[in-house]
């Protein structure tokens, strides 16, 4: 279900989800936010038609129980946006996010020398 940026902030509030000095206060109002069962996916268009970038935020009390809600959201987003591919870029040091991405169906598209996995999902 789509939610507002203000509703999304609670999903990105835990310090472990603050990367590169950004906090939940820095969430952009131009992105789209989707929530289900403790997970929130922030999406925005990528630089290629039909490709949508996905970022995840989650309430800490739901960690370990995110697979089903994230799968539902990915399908909803792909259908709603008419996306051919959903993509995520995840640091190799973020092992929990990488494991979740793989469990919900993302595959590795590439790897940047700075330690970032390029992942893609196609329902």
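Read the figures in this text as sums done on the coordinates, not as results from a lab. Predicted model only: the values in this text are computed from it and were never measured. Virtual Cβ from ideal backbone geometry, glycine too; neighbours counted across all protein chains shown.
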I want the antiparallel fraction of DSSP beta bridges within the chain, as a percent rounded to 5. 90 percent
Let me see the pair-distance distribution of the chain: every alpha carbon pair, 10 Å bin width, integer percents in order. 13, 48, 36, 2
Want the number for residue 103 to residue 67: 0.36 nm per residue separation, take away the alpha-carbon distance, what's left? 12.3 nm
Summarise the long-distance tail of P(r) for segment 1-57 by giving the % of C-alpha pairs beyond 16 Å. 40 percent
In a GNM of the chain with a 10 Å cut-off on Cα contacts, which of 43, 23, 93 has the highest mean-square fluctuation? 93
Dividing the helical contributions, -39500 (n - 2.57) per DSSP H run of n ≥ 4, by the residues of the chain yields a 222 nm value, nearest 500 deg cm²/dmol, of -6500 deg cm²/dmol
Take every Cα-Cα pair in segment 61-123 and report what % of them are more than 16 Å apart. 46 percent
Going by how many other beta carbons lie within 10 Å of each one, how would you line up 41, 119, fewest first? 119, 41
Run the quick spin-label model on residue 111 and residue 45: label points 7 Å from Cα toward the beta carbon, then report their separation in nm to one decimal. 3.3 nm
